[in-house]
Structures are given as structure tokens and as C-alpha cells.
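Let me begin by presenting the structure, written as C-alpha cells, before commenting on it.
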Amino acid sequence: MKKSDELEKNAAIRIAELMACCARTSPKTRGIDNIEAVLIDSPTERDKLICKMKEISKTESRPSFERDANSIGSSPAILIIGVKANPAGLNCGFCGFPTCEELRKNKGICSFNSVDLGIAATSAIETASRLHADNRIMYSIGRAALDLRLFTSEVKQALGIPLSITGKNPFFDRK
């Protein structure tokens, strides 16, 4: 027999897996897939992420990182979506450089990579919302994941999405 706590934890993990599927299949610039996903589903890994977020909060004087870290402490699943820095080859100048080659030389990030990350994250949270799992996109989680090197070295931007299945969404009404 399974009780509420176990059922809800397992559901959060399954939902996060479905969210990763949605991130993978979301529309991407020129059909180029630069998306990676990581699932934090153990208390040990979650605690490492929280510690890194609190460290960033202190060393960079960013109180929102500690606020976010405190709100994810009981999240049974945290999906983190990253995007590789890979210019789209459009020479559009949106990144601030006249060509993609200049962007590469300066180790910049293609604007379309950022757009693709946003679309992937939005596709993922749409699934969580349809399944009534509380969630919130947090750049602070993504930044900590990058610092912890949870992705391949090509990933330069990431967003985290913690999930909660409780009576009240812990990611809102934060102080």
C-alpha cells in the first residue's frame, strides 16, 4: 500500500519526466536542438543545489537566491533545463555582434539560444500546470546548476523548475 507522501513524490518525479519530454520536443530555432535536461530527485542532490544557491546569495549579495533556496527545500523533483551556446547562423545581430562568427570569437550567447530555452521551459511548465503540479521557473536554480557543472560544458544558460504537490504552492507568497 502506498500513502499520500509516497504517491505525491512519485507523481512529481513522473511529471518532471514528462516535462523533460516537452522541453525536448518544443519548437527550436532552425530545428537545431541545443536543449539538455537534468532531474534532481534525491534529497542529497537537492541539498547540494540549495547549498550552492545560498552560497551565491552570500558571495554575490543576492538575497533572492536564498529566498528561492528556502522555498525548494521540500520539492521532491526539480527539473533543470539548459541550452548550449550554439549560434543559429543567422547573422541577425540580436546578440550585439554583427555576425555569428564575431559572437563565437567573443564567447557570447546567441539570442536564439535564449529564446529556445524560454520556449522549452514554457512547454515544460505547461505540462506541469495541466497536471496540477505547483511549479515556478527560477533562474537562480539554473545559475546554481551551472556552477555545480550539472550539464555538459557547452550549456551556458539554464532555468530550474521545482515541483510541489501540496495543499499550498510554496513557490509563491515568498518573503
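The values are calculated or read from the model by the stated rules, or taken from the named source; none is laboratory data. From a predicted model like this one, the values you see are computed outputs, not experimental measurements. We place every Cβ from the backbone using ideal geometry, glycine too, and count neighbours over all the protein chains shown.
Between 136, 104, the distinction of being among the basic types (Lys, Arg) and either in contact with a helix residue (DSSP H, G or I) (Cβ under 8 Å, 6 or more places away or on another chain) or within 19 Å of residue 37 (Cα to Cα) (or both) belongs to 136 only. If the condition is being among the β-branched types (Val, Ile, Thr), under 15 Å from the mean Cα position of the chain (by Cα) and farther than 23 Å from residue 33 by Cβ, then the range 44-89 contributes 50, 72. Applying the criterion of at least 3 residues that are of a type outside the set (D, E, K, R) and touching a residue at least 40 places away in the same chain (Cβ under 8 Å) to the helices (runs of 4 or more DSSP H) found wholly in the range 76-175 leaves 111-130, 139-147.
Listed conditions (1) in contact (Cβ under 8 Å) with a residue 60 or more places away in the chain; (2) among the charged types (D, E, K, R); (3) in contact with a Lys or Arg (Cβ under 8 Å, 6 or more places away or on another chain) are all met by residue 48, apart from (3).
If I filter the range 108-129 for residues that are farther than 21 Å from residue 156 by Cα, exposed (fewer than 15 other Cβ atoms within 10 Å of the Cβ) and over 12 Å from the mean Cα position of the chain (by Cα), do I get at least one hit? Checked the range 108-129: at least one residue is farther than 21 Å from residue 156 by Cα, exposed (fewer than 15 other Cβ atoms within 10 Å of the Cβ) and over 12 Å from the mean Cα position of the chain (by Cα). The residues on offer are 121, 69, and the sole one that is touching a strand residue (DSSP E or B) at 6+ places or on another chain (Cβ under 9 Å) and either basic (Lys, Arg) or closer than 22 Å to residue 140 by Cβ (or both) is 121. Here residue 134 passes the criteria (1) more than 14 Å from the chain's Cα centre (by Cα); (2) farther than 24 Å from residue 50 by Cα; (3) surrounded by 15 or more Cβ atoms within 10 Å (Cβ to Cβ) except the one numbered (2). Might you check whether a residue that is at pLDDT below 95, out of contact with any Ser or Thr (no Cβ under 7 Å at 6 or more places or on another chain) and hydroxyl-bearing (Ser, Thr, Tyr) occurs anywhere in the range 33-42? No - not one qualifying residue is present in the range 33-42. Within the range 116-164, being over 28 Å from residue 59 (Cα atoms) and either modelled with pLDDT under 95 or basic (Lys, Arg) (or both) holds for one residue alone: 130. For the range 32-57, residues that are of a type in the set (Gly, Ala, Ser) and either assigned to a helix (DSSP H, G or I) or surrounded by 15 or more Cβ atoms within 10 Å (Cβ to Cβ) (or both) total 2.
Applying the set (1) surrounded by 15 or more Cβ atoms within 10 Å (Cβ to Cβ); (2) acidic (Asp, Glu); (3) closer than 20 Å to residue 168 by Cα to residue 102 leaves exactly one unmet item: (3).
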